[in-house]
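**Q** If you scroll down you'll find the structure; I have some questions about it.
The values are calculated or read from the model by the stated rules, or taken from the named source; none is laboratory data. Predicted, not measured: the structure shown is a model, and the values here were computed from it. Please note: Cβ atoms are built from the backbone with ideal geometry, for glycine as well, and neighbour counts cover all protein chains shown.
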Number of protein chains: 2
Amino acid sequence: MPRHPQHELDLQLCFPLYAASRALTRAYGPLLAEAGLTYPQYLTMLALWSSDAPPTVGQLGAKLRLDSGTLTPLLKRLEAMGLLTRLRDATDERRVVVTLTEAGDALQDDLADVPAGVVELLGVDLAQAQALRGLLDDIIEHLDANA
Amino acid sequence: MPRHPQHELDLQLCFPLYAASRALTRAYGPLLAEAGLTYPQYLTMLALWSSDAPPTVGQLGAKLRLDSGTLTPLLKRLEAMGLLTRLRDATDERRVVVTLTEAGDALQDDLADVPAGVVELLGVDLAQAQALRGLLDDIIEHLDANA
DNA sequence: GACAAGCCTATTGTGCACAATCAAATTGAG
DNA sequence: CTCAATTTGATTGTGCACAATAGGCTTGTC
């Protein structure tokens, strides 16, 4: 046992959060492999599918909380797959606008059945899922505010 | 908006879990940098501090749910820092036993104040923390069981 | 219209995470 | 004892994540 109770708490909170995130990534891996996507790539596509207008790399990064150092190579891979285009904004050449191709948009239909149910995959009921989401959103907001 | 409601759910559950885990890693980063540790290295040290006897790489991996491909280089870095030793088990030379050095054991005192309070860092109260832990543990178990 | 400040993306380097593969050692059946 | 199956850790290769740095673009101010 650790000599310091805070470390015990870390082992009981930080570790489960870390491990659960990786376990979910692993669980999705095989489901997404068919479409040739990794889990971060899938989350990126989700963010794009839920966007009203083609976002810039910066806007996408804000949504996913990822910086350009992570997003740029990831987006280049998705571009190489023909799922999106990366084009400089003509009106502001600092910006790179990410636009779904037809194939990128169509992919959400192919992946419609991938999460046969996240809730079943996670083994929680809807109330637990909502509670979890609420807790996680609060934590994200709190951690980012104090960053 | 996505055309498929499952994708909406993924965005509301998978993404927060993913983002919260990374936000926590980022939050610990500066605190651990003083001691020269990364967040995964810190979790590994926590696991070692809480072990009764020096574990093998495999046992440590089972505890942290990390495979040897991840643990081996991580442990080599901790060994290079003088925090632990990696020695073949004489009775079964397939096994590598990980043993804390005196410095490795002493480090937990240096880091006693690092999580000035995970709970405050996360911005949740104790009841929420326990609820979160319970949910995450269930999810980890469920995901691993169906792996 | 020139210039300083701030914004935005790319690049570089380190360190996980994991799948796939390999090699070595133990175990167990005959 | 012998050999095949299993166990166990290392190695290799791809793909995030992020800090630090650099450089280009725009904007606001004169």
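**Q** Condition first: touching a residue at least 12 places away in the same chain (Cβ under 8 Å) and either among the hydroxyl-bearing types (Ser, Thr, Tyr) or not in a helix (DSSP H, G or I) (or both). Now tell me which residues in the range A:53-65 satisfy that.
**A** Those that are touching a residue at least 12 places away in the same chain (Cβ under 8 Å) and either among the hydroxyl-bearing types (Ser, Thr, Tyr) or not in a helix (DSSP H, G or I) (or both): A:54, A:55, A:56, A:65.
**Q** Looking at the range B:1-43, which of the residues that are facing another protein chain (nearest Cβ under 7 Å) and touching a residue at least 40 places away in the same chain (Cβ under 8 Å) is farthest from the chain's Cα centre (by Cα)?
**A** It comes out as B:27.
Results for (1) assigned by TED's automatic domain parsing to the domain that holds residue B:132; (2) more than 9 Å from DNA strand C (Cβ to nearest atom); (3) closer than 26 Å to residue A:121 by Cα; (4) in a helix (DSSP H, G or I), shown as yes or no for each residue.
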position: B:17; (1), (2), (3), (4): no, yes, yes, yes
position: B:26; (1), (2), (3), (4): no, yes, no, yes
position: B:37; (1), (2), (3), (4): no, no, no, no
position: B:47; (1), (2), (3), (4): no, yes, no, yes
position: B:51; (1), (2), (3), (4): no, yes, no, no
position: B:79; (1), (2), (3), (4): no, yes, no, yes
position: B:93; (1), (2), (3), (4): no, no, no, no
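**Q** When you go through A:90, A:80, A:33, A:47 one by one, which is the residue that is modelled with pLDDT of 85 or more and more than 29 Å from residue B:66 (Cβ to Cβ)?
**A** A:80
**Q** While we're on this one: Which one of these does residue A:42 not meet: (1) within 13 Å of DNA strand C (Cβ to nearest atom); (2) in a helix (DSSP H, G or I); (3) of a type in the set (Ser, Thr, Tyr)?
**A** (1)
**Q** Examine the range A:95-112 for a residue that is closer than 29 Å to residue B:141 by Cβ and at the interface with chain B (Cβ under 10 Å from one of its Cβ atoms), and state whether such a residue exists.
**A** Yes, because at least one residue in the range A:95-112 is closer than 29 Å to residue B:141 by Cβ and at the interface with chain B (Cβ under 10 Å from one of its Cβ atoms).
**Q** Return yes when residue A:65 is near DNA strand C (Cβ under 9 Å from one of its atoms) and touching a helix residue (DSSP H, G or I) at 6+ places or on another chain (Cβ under 8 Å) and no when it is not.
**A** Details: near DNA strand C (Cβ under 9 Å from one of its atoms): no; touching a helix residue (DSSP H, G or I) at 6+ places or on another chain (Cβ under 8 Å): yes.
Taking the combined requirement at face value, the residue does not satisfy it.
**Q** How many residues does the range B:132-146 contain that are facing chain A (nearest Cβ under 7 Å) and without any contact (Cβ under 8 Å) to a residue 60 or more places away in the chain?
**A** Result for the range B:132-146: 9.
**Q** Would you check which residues across the range B:33-42 are surrounded by 18 or more Cβ atoms within 10 Å (Cβ to Cβ) and either among the aromatic types (Phe, Trp, Tyr) or within 12 Å of DNA strand D (Cβ to nearest atom) (or both) and list them? Write out each step before concluding.
**A** Start the filter on the range B:33-42 by keeping residues that are surrounded by 18 or more Cβ atoms within 10 Å (Cβ to Cβ), which leaves B:37, B:39, B:41-42.
Matches in the range B:33-42: B:39, B:42.
**Q** Further question on the same structure: Which residues, counting only those in the range A:71-105, are without any contact (Cβ under 8 Å) to a residue 12 or more places away in the chain, within 8 Å of DNA strand D (Cβ to nearest atom) and closer than 20 Å to residue A:37 by Cα?
**A** The one that is without any contact (Cβ under 8 Å) to a residue 12 or more places away in the chain, within 8 Å of DNA strand D (Cβ to nearest atom) and closer than 20 Å to residue A:37 by Cα: A:73.
**Q** Does residue B:125 satisfy the condition of being in contact with a Pro (Cβ under 8 Å, 6 or more places away or on another chain) and either modelled with pLDDT of 90 or more or more than 22 Å from residue A:19 (Cβ to Cβ) (or both)?
**A** In short, no.
**Q** Looking at (1) at pLDDT below 85; (2) within 16 Å of DNA strand D (Cβ to nearest atom), can you tell me which one residue A:119 breaks?
**A** With (1) at pLDDT below 85; (2) within 16 Å of DNA strand D (Cβ to nearest atom) applied to residue A:119, the lone miss is (2).
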